[in-house]
1. Compute a Gaussian network model of the chain, connecting alpha carbons closer than 10 Å, and tell me which residue from Gly96, Gly174, Gly58 fluctuates the most.
2. Looking at region 25-65, which trypsin sites (Lys or Arg not before Pro) are DSSP coil and have at most 16 other C-beta atoms within 10 Å of their C-beta?
3. Just how many % of Cα pairs in the chain lie over 29 Å apart, if you round to the nearest whole percent?
4. Please compute the per residue accessible area over the chain with all protein chains in place, 1.4 Å probe, rounded to a whole number of Å².
5. So, with a 1.4 angstrom probe, what is the percent of accessible area on region 17-236 that is carbon and sulfur?
6. For a quick check of your reading of the filter: which trypsin sites (Lys or Arg not before Pro) in region 75-156 sit in a DSSP loop and have no more than 13 other Cβ atoms within 10 Å?
Amino acid sequence: MTAPGGTPRQMAPPISAADQLIVALDFPDAGSALSLVERLDGIARWYKVGLELYIAEGNALLASLRARGYSVFLDLKLHDIPQTVASAVRSASRSGAEMLTVHACGGPEMLTASADAAGDRTRILAVTVLTSMDEPQLAAVGTTRSPAAQVELLAELAFAAGIRGFVASPQEVGSLRRHFGAEVTLVAPGIRPLSSDPGDQKRVGSPRSAIAEGANYLVVGRPITRAADPAAAAKAILMEMETTSG
Ligand code: C5P
């Protein structure tokens, strides 16, 4: 892939690993989520809130996180008509979320409406092809392209609509970084430290390789949330990240 406009772009200067780690709060209620947050006090600065926790606890949970000084990635993966998504983006922006996801397959008008509706603090991230979608799953919904070609097409669509952030598996981070340069923010889930169990994630990568490929942020759930000692697990991941992020 060649960079849009044909000009190579430089990576932003490195920041600390703690600013790049996003812990996924995949919990059913605020009590269990906040108890993990307390155990990670002084270690993690970013939390991802997804549909399970947001539907259960709503903006009150986001306010609790923000009151404690944390940054919030609201992973709602919005996909609806442009007007509805724009209104949802405005509501989410008011909640103070720093990052918010929309589905790139919602189309150019929906993507443009999302980008326009986001407040100054909220960065819209486009989700291209879910990691659960392989070739047969895509074919079943009428997409005959390979997952990689579909990721490329949807990323271009989102970029053209003004979106400058993507959620990408560790396997896609490198090609998106080479294609779009430093202008885009890349957030990689599916991170597994070398010693851990991959669980149901298939397209996984290590913290070190995802950072080396150009991810700005890593989303880590179970390797931290299900560890016997979550603080020690998070610190080990930060150390792995720091070996490349300087
Ligand atoms: O527990 P684990 O580290 O697999 O958690 C990863 C988090 O990232 C989950 O909250 C999951 O929903 C999210 N995610 C993902 N793959 C994507 C997009 C989001 O695993 N493509």
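The values are calculated or read from the model by the stated rules, or taken from the named source; none is laboratory data. The model shown is predicted, which means the values in this text are computed figures rather than measured ones. Because the Cβ atoms are built from the backbone with ideal geometry, glycine has one as well, and the counts that use them run over all protein chains shown. Surface areas here come from the heavy atoms of the whole protein model, side chains and all, with no ligands, DNA or RNA. Shrake-Rupley method; radii C 1.70, N 1.55, O 1.52, S 1.80 Å.
1. Among Gly96, Gly174, Gly58, the largest GNM mean-square fluctuation belongs to Gly58.
2. Answer in residue order: Arg45.
3. 26
4. Per residue, the chain has an accessible area of 46 Å².
5. C and S fraction of accessible area: 50 percent.
6. Answer by residue number: Arg121.
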